[in-house]
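The block underneath contains the structure these notes are about, expressed in structure tokens.
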Amino acid sequence: MSDATDDLKRAAADGAVDQLPDGIIVGLGSGSTAAFAVSSLGRRVREGFRVIGIPTSEKTASQARELGIALATLGEYPEVDVTIDGADEVELGTLNLIKGGGGNLLREKIVAAASKQFVIIVDHSKLVQKLGSRSPLPVEVSQFGWQSTAQRLAASGAKPVRRTTAEGGAYVTDGGNYILDCRFGAIGSAMDLRFRLDSTVGVIEHGLFVGMASRVFVASPDGVQVLKRA
């Protein structure tokens, strides 16, 4: 990943975090872009900003602790003021999302659903006219019978590939599940596909985040732009 792209992600993260009011509950997303938001939040904490974070992955929790961010769980705070996270794709107009490239889509969606606001930070390369144009759709599935689940997904038009680690073994989520990265091509109706995936036996969760994003902070060489749903 280029330094220029990292700079854009950092700019989007700073733009979102700097708007947070003091004393709130913040969901902390996962992945490389969300890590910039956690870092920015740590900077504000060092300046005296009061916040409680709800991490969506063990890796995010570890980063937040190192930065001195106080952490809690959804059991302690069932309602979250705002969650800040990244995305693999953002559909222009609808602000529907594909997420899960970092492998934590189930916990990310649980925290996002518990949030009053769901704020996304991306660089401009993540904007698409139709979801699925560039990225596969991650689908989290039970390890038990995953081959059969993959067949059902293939029958619905997907090209599923089980995600592996850098060492070549099966990637396992924090929740103990597999991820099938499914290519559907450009998705005509995210709502229809969401219904089909929700109805597929063996699917735990999927990376379609439909109608959930409140705002999207998009960084480009021209600056940071804030998008809202049409």
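The values are calculated or read from the model by the stated rules, or taken from the named source; none is laboratory data. Note that this is a predicted model, so its numbers are computed, not measured. Please note: Cβ atoms are built from the backbone with ideal geometry, for glycine as well, and neighbour counts cover all protein chains shown.
Consider region 91-133 and keep the residues that are part of a strand (DSSP E or B) and of a type in the set (A, V, I, L, M). The one that is surrounded by the most Cβ atoms within 10 Å (Cβ to Cβ) is I121. Within region 17-40, the only residue that satisfies the criterion of being more than 25 Å from G175 (Cα to Cα) and buried (at least 24 other Cβ atoms within 10 Å of the Cβ) is V17.
Is region 110-125 home to any residue that is within 24 Å of L20 (Cβ to Cβ) and among the hydroxyl-bearing types (S, T, Y)? Yes, some residue in region 110-125 is within 24 Å of L20 (Cβ to Cβ) and among the hydroxyl-bearing types (S, T, Y). Taking region 191-230 as the region of interest, the strands (runs of 3 or more DSSP E) fully inside it that hold 3 or more residues being surrounded by 17 or more Cβ atoms within 10 Å (Cβ to Cβ) are 203-206, 215-220.
Of all the residues in region 134-187, those that are surrounded by 17 or more Cβ atoms within 10 Å (Cβ to Cβ) and in a strand (DSSP E or B) number 11.
For region 51-74, check the following and say yes or no: at least one residue is surrounded by 18 or more Cβ atoms within 10 Å (Cβ to Cβ), assigned to a loop (DSSP other than H, G, I, E, B) and hydrophobic (A, V, I, L, M, F, W, C). Scanning region 51-74 turns up at least one residue that is surrounded by 18 or more Cβ atoms within 10 Å (Cβ to Cβ), assigned to a loop (DSSP other than H, G, I, E, B) and hydrophobic (A, V, I, L, M, F, W, C). Taken over region 96-134, the residue count meeting the criterion of being at pLDDT 95 or above and over 13 Å from the mean Cα position of the chain (by Cα) is 13. For first residues located in region 37-49 and in the same structural domain as Q63 (by TED's automatic domain parsing), partners that are modelled with pLDDT of 95 or more and assigned to a helix (DSSP H, G or I) and lie 6+ apart or on another chain with Cβ distances below 6 Å form the pairs A37/A13; A37/V17; V38/Q63; V38/A64; S40/A13; S40/D14; S40/V17; L41/V17.
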